[in-house]
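This report concerns only the one structure given below.
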Amino acid sequence: MESKIIFALDVYDYNTAMELARTVGEKVFAIKINWPVILENGIKIVRDLSKYANIICDFKLADIDNTVSMITTKVKEYGGYGIISHSFTGLNSLKAVVKSAGNMKVFSVVSMSQESYLDNITEELIKISREAGVYGLVAPGNRPYYLKKVKELSEGLKIISPGVGAQGGDIVNAMLLGSDYVIIGRSIYNSLDPLGTLEGFSSSINNKLNK
């Protein structure tokens, strides 16, 4: 059965990142990396980590068309599976990401795992995202009202959800409300047994959702 977990690898150290990727890579749908590991190690670590799992670059792009295109192209060059962009910058910027991504998956943020201004414009952001042709949406696993709302308006787009684990969200509830994949980071990489912790989350999904 395909894993429903995306592992958020938010660390600085190269060796730590690689060891975690080797340990859990085959057990997750993808590994999501953010700016900490990139700022410490450079974009080439995307290629290195890609040996072990699909890599989603959570860069939350928010800039003009040319800039987001340049960043997306570089991620694709180094073997990224997907990239995360903001959608509040508007349709043209998001379209530029989708166009530059080619076969990479583009996920757009329409609601965050903490209160933000996006809460006021979530419906509009979903509309922009659909029109731009993104593959999926980012919606919070720890804020049921907004996750449910995104699911209702998603029209079949994949939903990936942060906010599970350390931020209080429940993995099973998130999936019942509409998440296709849940993003878990600190609960796994801060664990004394990362693989065991991951397998525990996976078992919760399998036991409760496949009855």
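Counting only residues that are hydroxyl-bearing (S, T, Y) and in a helix (DSSP H, G or I), which one in the range 36-72 is farthest from A132 (Cα to Cα)?
My answer is T67.
So which residues in the range 177-203 are over 16 Å from E19 (Cα atoms), of a type outside the set (D, E, K, R) and surrounded by fewer than 18 Cβ atoms within 10 Å (Cβ to Cβ)?
Scanning the range 177-203 gives G200, S202, S203.
So S3 passes all but one of these: (1) over 16 Å from the mean Cα position of the chain (by Cα); (2) modelled with pLDDT under 95; (3) of a type in the set (S, T, N, Q). Which condition number does it fail?
(1)
Looking at (1) touching a strand residue (DSSP E or B) at 6+ places or on another chain (Cβ under 8 Å); (2) part of a helix (DSSP H, G or I); (3) more than 21 Å from R186 (Cα to Cα); (4) not polar (S, T, N, Q), which is the one condition that is false for G79?
Answer for G79: the failing condition is (2).
Considering each residue of the range 86-101, count those that are on the phi < 0 side of the Ramachandran plot, open to solvent by less than 40 Å² (accessible area, probe 1.4 Å) and not hydrophobic (A, V, I, L, M, F, W, C), and give that number.
4
Just to verify a result, which residue in the range 24-47, among those that are crowded, with 17+ Cβ neighbours inside 10 Å and more than 13 Å from the chain's Cα centre (by Cα), is farthest from K158 (Cα to Cα)?
Checked the range 24-47; the qualifying residue farthest from K158 (Cα to Cα) is N41.
Run down I56, I83, I121, I159 and say which single residue is in contact (Cβ under 8 Å) with a residue 12 or more places away in the chain and surrounded by fewer than 22 Cβ atoms within 10 Å (Cβ to Cβ).
Unique residue meeting the criteria: I121.
For the range 64-80: of the residues being crowded, with 17+ Cβ neighbours inside 10 Å and touching a residue at least 24 places away in the same chain (Cβ under 8 Å), which is nearest to I31 (Cα to Cα)?
Going through the qualifying residues, I end up with G80.
Six or more apart or on different chains, Cβ under 7 Å: which pairs go from a residue in the range 167-193 that's in contact (Cβ under 8 Å) with a residue 60 or more places away in the chain to one that's of a type in the set (F, W, Y) and in a loop (DSSP other than H, G, I, E, B)? Could you list them?
That search, which allows pairs on different chains as well, returns Y181/F29.
With the condition kept exactly as written, say whether any residue in the range 149-156 is under 22 Å from V75 (Cβ atoms), modelled with pLDDT of 95 or more, in contact with a Ser or Thr (Cβ under 8 Å, 6 or more places away or on another chain) and buried (at least 24 other Cβ atoms within 10 Å of the Cβ).
Taking every residue of the range 149-156 in turn, none turns out to be under 22 Å from V75 (Cβ atoms), modelled with pLDDT of 95 or more, in contact with a Ser or Thr (Cβ under 8 Å, 6 or more places away or on another chain) and buried (at least 24 other Cβ atoms within 10 Å of the Cβ).
The values are calculated or read from the model by the stated rules, or taken from the named source; none is laboratory data. Just so it is clear, the model here is predicted, and its values are computed rather than measured. Cβ coordinates were reconstructed from backbone atoms using ideal geometry, including for glycine residues, and neighbour counts include every protein chain displayed. Heads up: the accessible areas ignore ligands, DNA and RNA and are worked out on the full protein's heavy atoms, side chains in. Shrake-Rupley method; radii C 1.70, N 1.55, O 1.52, S 1.80 Å.
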